[in-house]
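Since the structure comes first, as structure tokens, the remarks are kept for the end.
The values are calculated or read from the model by the stated rules, or taken from the named source; none is laboratory data. Quantities reported herein were computed from a predicted structural model and do not represent experimental measurements. Cβ placement follows ideal geometry from the backbone for every residue including glycine, while neighbour counts extend to all protein chains displayed.
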Amino acid sequence: MTDLTARLEACYSGAVFDVLRDLGHANCVLPRSIAAIDPDTSVCGRVFTIRGRPDDTVDAHQSLLAWTELLTVVPKDHVAICQPQDDVRALMGELSAEALQSRGVRGYIVDGGSRDNAFIRKLGFPLFARFRSPRDIVAAWVPEAYGEPITIGQVRIATGDWVVADIDGVVIIPEALAETVVAKVEDVMKQENLVRKAILEGMAPKDAYLRFGKF
């Protein structure tokens with residue numbers, strides 16, 4: 001685990017967004033329909049991108065061979081983010097999640113579906129998806145690119161960017177801003193703690209805001 005990952009683990013998506021907004025990068029939040037299958041899970045780390053597409057010409061063997069390659073390609077200590085260009089199928093299931101988890105992949109975020117969600121929740125593997133479906137990718141879907149830029153909603157995502165995902169949503173941090181953003185978020189959280197302490201000691205919220213410049 002890199003030092004930056006460890007520091008991000010202490011952060012939360014709201015503070016990360018606030019800092020990116022103030023830096024002029026408010027277009028950093030994935031669509032609200034992409035959510036954790038278990039609200040208690042969160043994930044952060046360096047991003048590895050995947051793009052794929054439906055394909056009704058591929059046979060079952062070819063599709064499964066390509067899928068198992070996908071599970072092998074995602075690097076350890078990364079969060080995989082997938083643009084499947086698919087509104088029908090589950091792009092993650094229990095066996096696949098277990099395979100990624102065993103290889104040290106930190107989590108998986110997909111602009112598409114997932115299945116075997118009860119099993120994946122028991123695994124504790126962080127999975128963020130847009131919908132649920134028992135329909136899988138066999139003889140119907142193939143990966144077409146690894147590590148290339150993708151777009152989800154209005155957000156462009158590149159391998160090497162960073163992500164913070166929790167119960168509130170998914171925020172992408174551009175690679176060039178990562179160190180700056182994390183340092184600023186740490187400062188924000190310190191200021192918020194001062195505001196919280198002041199309010200709990202009886203200071204009016206407005207006065208706390210005026211004193212610390214943060215709320």
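In segment 84-124, of all residues being touching a residue at least 60 places away in the same chain (Cβ under 8 Å) and part of a helix (DSSP H, G or I), the one that is surrounded by the most Cβ atoms within 10 Å (Cβ to Cβ) corresponds to Ile120. Within segment 51-66, at least one residue is assigned to a helix (DSSP H, G or I), surrounded by 17 or more Cβ atoms within 10 Å (Cβ to Cβ) and modelled with pLDDT of 95 or more.
Highlighted here are the strands (runs of 3 or more DSSP E) found entirely within segment 125-215 that include at least 2 residues which are within 24 Å of Glu94 (Cα to Cα) and within 22 Å of the chain's Cα centre (by Cα): 127-129, 141-146, 162-166, 169-173. Among the residues of segment 15-41, those identified as outside any helix (DSSP H, G or I) and free of Cβ contacts under 8 Å to residues at least 40 places away in the same chain are Gly24, Ala26. Scanning segment 71-83 for residues that are within 25 Å of Glu9 (Cβ to Cβ) and assigned to a strand (DSSP E or B) turns up His78, Val79, Ala80, Ile81, Cys82. The test for being surrounded by 14 or more Cβ atoms within 10 Å (Cβ to Cβ), in a strand (DSSP E or B) and in contact with a helix residue (DSSP H, G or I) (Cβ under 6 Å, 6 or more places away or on another chain) holds for Cys44.
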